[in-house]
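None of the figures in this text is laboratory data; all of them are computed from the coordinates on show. Quick caveat: nothing in here was measured; it's all calculated off a predicted structure.
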Amino acid sequence: MTRAVARRIVPFGPRVVALGVDLPEVRDDAVITRLRIHSSLPGGTLSMAGPGVNNAVTELSTIAEGYFARYRYPDWLRAHSLVVGRLATTLADAHANSGARLDTASVGLGGYLHDIGRSPLLAGDGRDHSVLGPLVLAAEGLAEQVELSRRHPVYAPRDPATAPRTLAEKIVYYADRRGGQAVVSLEDRLDEQLSRFPELAGLRDADLAMAKAIEAEVFAGIAIRPEDLA
């Protein structure tokens, strides 16, 4: 059973003026009510008590959809983010059920919003999405998701300054290594990315080795295996 956790989640936060982008205020009181987020906007307490990981996925994906709409996610980015969020929630739930002190809601939401820096609203900013994403999340009041976004890219482990360190960060990194438009293998996901950036082909073996090393850490001590993800 999924352990109950309570976190302060900001459903739709302030305008991101620090990024030079004036975004409209968006509030969906119906969503807030459905998700049992208590207290006045813009913040609230998300109750994740429920029968299992499917309940957690449903609630978190509903929150994520609000951000997808706010940041004008194109269809491909929304589909990818839903896959990664679901994988991250599943893995976090498995660790929580095995006794790890891990916030399933926080990790899951980090998975859903890991690519928020790819929003078309930020298209005029030349910084990498792994830089913009953390800035957006910080501006939205989602401090616990900042490092999950910063440390998720395939190239993050190449640099000790951006390599995933904590279990939560490694889960979101790994979920992104397995989530394209659907759940795929590490190899297929890496090859899909290299098809868009062929100039990085020389780094494939090293990136795959790092991904496999993190995979071993992510699956240590839990009942599910990499091949169980679908």
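According to the square roots a ≥ b ≥ c of the eigenvalues of the Cα gyration tensor, what is the shape class of the range 135-230, taking rounded for a/c under 1.5, prolate for a/b larger than b/c otherwise, and oblate for the remainder?
oblate
Which whole-angstrom value gives the distance between the alpha carbon centres of the range 175-203 and the range 72-148?
First find each Cα centre; the distance between them is then 18 Å.
Going by the alpha-carbon gyration tensor, a ≥ b ≥ c the square roots of its eigenvalues, is the range 80-209 rounded (a/c under 1.5) or, if a/c is not under 1.5, prolate (a/b greater than b/c) versus oblate?
Oblate shape, in that a/c is at least 1.5 and b/c is the bigger or equal ratio.
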